[in-house]
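The values are calculated or read from the model by the stated rules, or taken from the named source; none is laboratory data. Everything numeric here is computed off the predicted structure, so don't read it as measured data. A quick note on method: Cβ atoms are made from the backbone with ideal geometry, for glycine too, and the neighbour counts reach across all protein chains shown.
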Amino acid sequence: MKTSKKLILSFLASSILSISSVFAAWIDHFQVDFTPNTAEVGEAIDLTIKAVDKNNIVIKDYDWTILIFSESDPEAELPSALEENTYTYTLSDEWVIKFENAVKFKKSWTQNINIYDLNDDTVFWIAEAEITEATVIQNVDIEIVSPENWLTIWENKIWISWTTQKNHQVKIILNKDNEIKTTSNADWIFEVDVTDLVDWDNILKAQVMDADWNIIWESKEISIRVDIDNLNIKNIKVTPQSVDPENSFEIEIVANPKLNSVEVILNDVVTSLEEIKDWVYTAKMYAPKDSWTYKIDVKITDELGHEKTEIWSSSITVNEIQLKAADEEVVTVIEPEVISTSTWTNDAKKELKIKWLKLVELKTKSILSWDPVEWADSYNIYKKLETWNLELITNVENTTFEIVMWNEKESYDYFAVKAVAKTDSWTIYEGSLSDATKIKTWPEILILFLLSLFIWWLVLVIKQKNA
């Protein structure tokens, strides 16, 4: 039994060795390319390496460690990813190793790079490039693609993208003493993530270097400001600053770009502003119907949930309407009579006025609420149409009205409320109309929701009549 086990193990071992030898036999050589294959002394070159078979087909099941060196120019600058001139293939290489801007020769003439399999010196390749003496560059343009000068940001890092002479060594100088080295590519671009920016003002400039790291050109300085307290309401403008009751006006706020939300609160009504361009948020609003100077509060929220609120950032004055007849005839305005309980008759009507209308906007719904009105039995919810005519939506008994909304196909509609009561003789009447409140809605959901409320209300009315 022991002998049979040994025979089986021996057979498996020999099989594995034979399979390995078959795989190894598939590898014939390396394919190595320089891009470009002509360059000047000190100019960066891309190096691409593939393991291929005799038909130059890339091998995809080969784990390899390679040795890289230059026999013709021992001082050549080789890829920084090498460890003692070796590199081990990783899955992220996807069967092709590419070192960008990785090889710089220090001598002119025909120079080479030798690539060997570290464990099998029969698998190799030698690539050559023609290297000429470096020309003296008199003028090198450095163009800033990003960022722009005098930019304010809200974190201690920034991605820069500049252009200059191709395949040249570049130094980024941060605040005069912090150096970041990189290389411009064959498309004349150098990009780098600059970290360690200090709070407030930072100075950046770039220097183009020759093969010996001597400066041959440098850019102008640009200033970048880091403002960690990143939520700032820079300006608020109300146009016009005084309007007639329920007339429209424009509000514009300058704040941080790409905020999650910018809202203003006027007379307890919340209105969301839309970002029409970086930094600028606007909205069309409607004044309350009562004459007064109303304060405007502003609340902004970034994508991380940080909030900043400014109380009384601005104000809007609602004009008092003076009624005059022709030829200076005085018109007497009769105020509604508030009838006390001592003079209450069967058909007398009491004053019903909605006060303290409030709006809360959540992610999935808007909630309109108000203070209870004495003598009111229920409340009619109206929608103001574009013509500002009223359309009855539903009747509710509570002092809240909810509208379900979605984040897609949003629109804004104006809603108002009237209190409903009845006299002793069961004559139903309404009170005065509340201020119109702008509410974010989702049309299809709103229609279904309101339809269901209307049906519910109709059934309730029929039941009351039958009772």
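Quick one: in region 256-293, which of the residues that are part of a strand (DSSP E or B) and in contact with a Lys or Arg (Cβ under 6 Å, 6 or more places away or on another chain) is surrounded by the most Cβ atoms within 10 Å (Cβ to Cβ)?
Across region 256-293, the extreme among qualifying residues is T271.
If I ask for residues that are surrounded by 14 or more Cβ atoms within 10 Å (Cβ to Cβ) and at pLDDT 80 or above, which ones from region 393-413 would you list?
Selection gives I393, T394, N395, V396, T399, F401, E402.
Condition first: in a loop (DSSP other than H, G, I, E, B) and at pLDDT 85 or above. Now tell me which residues in region 120-138 satisfy that.
Passing the criteria: none in range.
Where in region 35-107 are there strands (runs of 3 or more DSSP E), lying wholly inside it, with at least 3 residues that are under 17 Å from D117 (Cβ atoms) and of a type outside the set (K, R)?
45-52, 65-69, 86-88
Which one of K181, K166 is at pLDDT 85 or above and either surrounded by fewer than 17 Cβ atoms within 10 Å (Cβ to Cβ) or not assigned by TED's automatic domain parsing to the domain that holds S72 (or both)? Let's see the steps before the verdict.
Details: K166 fails: at pLDDT 85 or above.
After ruling out the rest, the residue left standing is K181.
Can you tell me which residue in region 366-389 is farthest from A421 (Cα to Cα), limited to those that are more than 39 Å from the chain's Cα centre (by Cα) and outside any loop (DSSP other than H, G, I, E, B)?
Filtering region 366-389 for residues that are more than 39 Å from the chain's Cα centre (by Cα) and outside any loop (DSSP other than H, G, I, E, B), the one farthest from A421 (Cα to Cα) comes out as N380.
Give T35, T48 a once-over and let me know the one that is modelled with pLDDT of 85 or more and under 46 Å from the mean Cα position of the chain (by Cα).
Answer to the check: T48.
Tell me yes or no: at least one residue of region 187-202 is in contact with a Phe, Trp or Tyr (Cβ under 6 Å, 6 or more places away or on another chain) and either surrounded by fewer than 17 Cβ atoms within 10 Å (Cβ to Cβ) or over 25 Å from E40 (Cα atoms) (or both).
yes
Determine, yes or no, whether S80 is polar (S, T, N, Q), outside the structural domain of A211 (by TED's automatic domain parsing) and more than 17 Å from W125 (Cβ to Cβ).
Yes; evaluated as a whole, the condition is true for this residue.
From the list A211, A206, exactly one residue is surrounded by fewer than 18 Cβ atoms within 10 Å (Cβ to Cβ), within 30 Å of A102 (Cβ to Cβ) and of a type outside the set (F, W, Y). Which is it?
Residue meeting the stated conditions: A211.
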